[in-house]
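The values are calculated or read from the model by the stated rules, or taken from the named source; none is laboratory data. Quick caveat, the model's predicted, so the values are computed rather than measured. Using ideal geometry, Cβ is built from the backbone for each residue, glycine included, and neighbour counts are taken over all protein chains shown. Surface areas here come from the heavy atoms of the whole protein model, side chains and all, with no ligands, DNA or RNA. Shrake-Rupley method; radii C 1.70, N 1.55, O 1.52, S 1.80 Å.
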Amino acid sequence: MSRYRDVLLFFLLASLWGGSFVAIEVGLAYYPPVLYAAYRFDIAALVLVTYVLLTDSSPFPRTRGDLAAIGLSGGFNVAVNNSLLFTGQQYTTSGIASITYSLVPIVTAAVAALWIGESRLDLRGSLGVVLAFVGVGLVAQPDPANLAGGVTIGVALIFVGVVSVSFSSVGLRVVETTFSSVALTGWAMLFGGLAMHGFSLGLGEGQRLPATELPALVALGFLGVLSSAVAYTIYFTLLDRLGAFEINLVSYVVPVVATVAGAVLLAEPVTATTVAGFVTILGGFGLVKRHAIAEEVPKLVSQVGGFF
């Protein structure tokens, strides 16, 4: 029974995170991008910190390591990443944004190899990183006459956000904390949301209360509650049960969900070049993670066989 539950949670997580790219696209019609991102995490932090305070026996940060982890996660994973993601998505479709974001496991592996010497990349692993960048190029389809505009600038901004996420993820591996991953995420969301309000003011965005139009309310509610607070709780639950490799596979289901949802709900175009770019990124992931794939795939096959 637990196997079926984990599979359902995995695809629910992919659906929530995939749907978030569509919700961002909808909400950008009502908000400036960084303010919109800040409101997302205001709601997410309210929900998740309340949950942590009610359920966790040790919910508060107590050490310098705890504060450093909140700073890394809230500053880079939440504030910098989402400011760039929401800003970049003004220039892209949901599908293109999510495909660019699928670089996170690959860039994280590269940052880990450079920073902490973890699983140093060999020739084929390095080729996988290069292949992934080729895939991003196919997705972005840069126009030499307009490199500072259009999809190219959107993909570039989102990619910098991906680097920020990877830096945060690797940095958290060298910081010792005393509280749970869910508690860390809640406080990081609170810190990151406040930081983004500061970014928004500094950028001169027009400040306004949350929009009351139904599409805006649904999009913001989905982002704040479902694709943030609920989704991250599911993520850490599955991380404990399945392990890092299996849960990171969600990064390659999310773009499928986002692309299909964007095409169906928002009539966003899906080109053959975009699909080719995603497949190329997936090939790069296969080269970077080939040792883990060789080790973990037989386990996955065995688990799937246990369903029947």
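Assuming 0.36 nm per residue, please report the length gained on full extension of the stretch Val174 to Arg290 beyond their Cα-Cα distance. Show your work: numbers first, answer last.
Working: separation 116, 0.36 × 116 = 41.76 nm, distance 2.47 nm.
The Val174-Arg290 span can extend by a further 39.3 nm.
Screening the chain for whole DSSP H helices of 20 Å or more along their axis (Cα) with average Kyte-Doolittle hydropathy at least 1.6 returns 123-140, 150-173, 272-288.
How many Å² of accessible area per residue for the chain, probe 1.4 Å?
46
Oblate is the label for the range 46-90, because the ratio a/c of its alpha-carbon gyration tensor axes (a ≥ b ≥ c) is 1.5 or higher and a/b is not greater than b/c.
Note on the chain: with a GNM built from Cα contacts shorter than 10 Å, the maximum mean-square fluctuation among Ser102, Ser164, Ser58 falls on Ser58. Matching the structure-derived Cα extents along the principal axes in Å against the labelled list (1) 61, 45, 38; (2) 118, 44, 33; (3) 56, 51, 41 gives the label (3). Tally up the carbon and sulfur contribution to the accessible surface of the chain as a whole percent, 1.4 Å probe, everything protein left in place. Roughly 69 percent, rounded to a whole number. Once you list every other residue whose beta carbon is under 13 Å from the beta carbon of Leu223, what net charge do they have if Lys and Arg are +1 and Asp and Glu are -1? Local charge sum for Leu223: -1. Using 0.36 nm per residue of separation minus the Cα-Cα distance, give me the extension gain between Leu203 and Leu217 in nm, one decimal. Length gained between Leu203 and Leu217: 2.6 nm. Give the range of the longest stretch in the chain that excludes all GluC sites (Glu not before Pro) found in loop regions by DSSP and having at most 14 other beta-carbon atoms within 10 Å. Within the chain, the longest run free of exposed GluC sites (Glu not before Pro) spans 1-117.
As an exercise, use a Förster radius of 30 Å and the Cβ-Cβ distance of Asp240 and Gln90 to find the FRET efficiency, rounded to the nearest 0.05. Efficiency computed from Cβ-Cβ geometry: 0.25.
Taken as Cα centroids, the range 12-54 and the range 57-89 sit 15 Å apart, rounded to the nearest whole angstrom.
Placing a pseudo-label 7 Å from each Cα along the Cα-to-Cβ vector at Leu123 and Leu266 gives an inter-label distance of 4.3 nm. For the chain, the relative contact order is 40 percent, taking Cα pairs closer than 8 Å that sit 6 or more residues apart in sequence and dividing their mean separation by the residue count.
Only helices enter this figure: runs of n ≥ 4 DSSP H residues, each worth -39500 (n - 2.57), summed and divided by the residues of the chain, yield -23500 deg cm²/dmol at 222 nm to the nearest 500. How high is the relative contact order of the range 1-107? Use alpha-carbon pairs under 8 Å, at least six apart in sequence, and give a whole percent. The value is 45 percent. Take the Cβ atoms of Asp56 and Leu8, set R0 to 25 Å, and the FRET efficiency comes out at 0.50. Take the chain, mark every one of the trypsin sites (Lys or Arg not before Pro) that falls in a DSSP loop and has at most 14 other Cβ within 10 Å, then report the longest stretch left between them, sites excluded. Between exposed loop sites, the widest span is 209-308.
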